[in-house]
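See structure below.
The values are calculated or read from the model by the stated rules, or taken from the named source; none is laboratory data. This is a predicted model, so every value here is computed, not measured. All Cβ positions, glycine included, derive from the backbone under ideal geometry; neighbour counts span all protein chains shown. These accessible areas exclude ligands, DNA and RNA; they are computed on the full protein's heavy atoms, side chains included. Shrake-Rupley method; radii C 1.70, N 1.55, O 1.52, S 1.80 Å.
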Amino acid sequence: MEKWADYLISHIERDSNGNILRVLIHTDKGDTVSKGSVKTENEVIDLLKKGYKIETIIWDYPKWQRGANVHYVSVNSTEYLRTNRNETDKDNLDNLIPLY
């Protein structure tokens with residue numbers, strides 16, 4: 001299978017205001033996806049700034065389905081993770097499974 005991205009995000013954790021705190025990020029190995037590790041939003045933004053490609057993934061038994069491209073935006077000097085809104089009905093960061 002072709003690699004979709006360098007890293008794939010499957011779960012997110014939000015604060016009480018709905019801001020992303022942490023994500024579960026996996027290494028895309030082509031035929032498999034790594035177990036994953038928890039990273040902060042800022043750590044993921046740093047990966048994007050270094051040129052790594054990151055996408056969301058959605059579990060659709062018996063395998064992962066490709067999601068949306070992840071990027072970041074800067075609003076009033078604060079950076080946030082984003083996907084293209086409604087690229088599909090279920091692949092955006094808002095639609096991922098809660099981390100905890």
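Pairs only if they're at least six apart or on different chains, beta carbon under 9 angstrom, first in region 40-55 and farther than 12 Å from ASP6 by Cα, second surrounded by fewer than 18 Cβ atoms within 10 Å (Cβ to Cβ) and of a type in the set (Ser, Thr, Tyr); list them, first residue then second.
GLU41/TYR72; GLU41/TYR80; ILE45/TYR72; ILE45/TYR80; LYS49/TYR72
So, in region 6-34, how many residues would count as being in a loop (DSSP other than H, G, I, E, B) and touching a His at 6+ places or on another chain (Cβ under 7 Å)?
1
Of the residues LYS3, LYS39, only one is surrounded by fewer than 19 Cβ atoms within 10 Å (Cβ to Cβ) and in a loop (DSSP other than H, G, I, E, B); which?
Going through LYS3, LYS39 in turn, just one is surrounded by fewer than 19 Cβ atoms within 10 Å (Cβ to Cβ) and in a loop (DSSP other than H, G, I, E, B): LYS3.
Could you grab the pairs with beta carbons closer than 8 Å, sequence gap of 6+ or different chains, first residue in region 8-21 and at negative phi, second one hydroxyl-bearing (Ser, Thr, Tyr) and in a loop (DSSP other than H, G, I, E, B)?
Matching pairs, first to second residue: GLU13/TYR100.
In region 22-36, which residues are open to solvent by 70 Å² or more (accessible area, probe 1.4 Å) and either modelled with pLDDT under 90 or under 19 Å from ALA68 (Cα atoms) (or both)?
ARG22, LYS29, ASP31, THR32
Run GLU55 past the list (1) at pLDDT below 90; (2) among the acidic types (Asp, Glu); (3) outside any helix (DSSP H, G or I) and report the number of the one that doesn't hold.
(1)
Among the residues of region 61-86, what is the count of those that are of a type outside the set (Ser, Thr, Tyr) and either under 15 Å from HIS11 (Cβ atoms) or touching a residue at least 12 places away in the same chain (Cβ under 8 Å) (or both)?
Residues flagged as of a type outside the set (Ser, Thr, Tyr) and either under 15 Å from HIS11 (Cβ atoms) or touching a residue at least 12 places away in the same chain (Cβ under 8 Å) (or both) within region 61-86 amount to 12.
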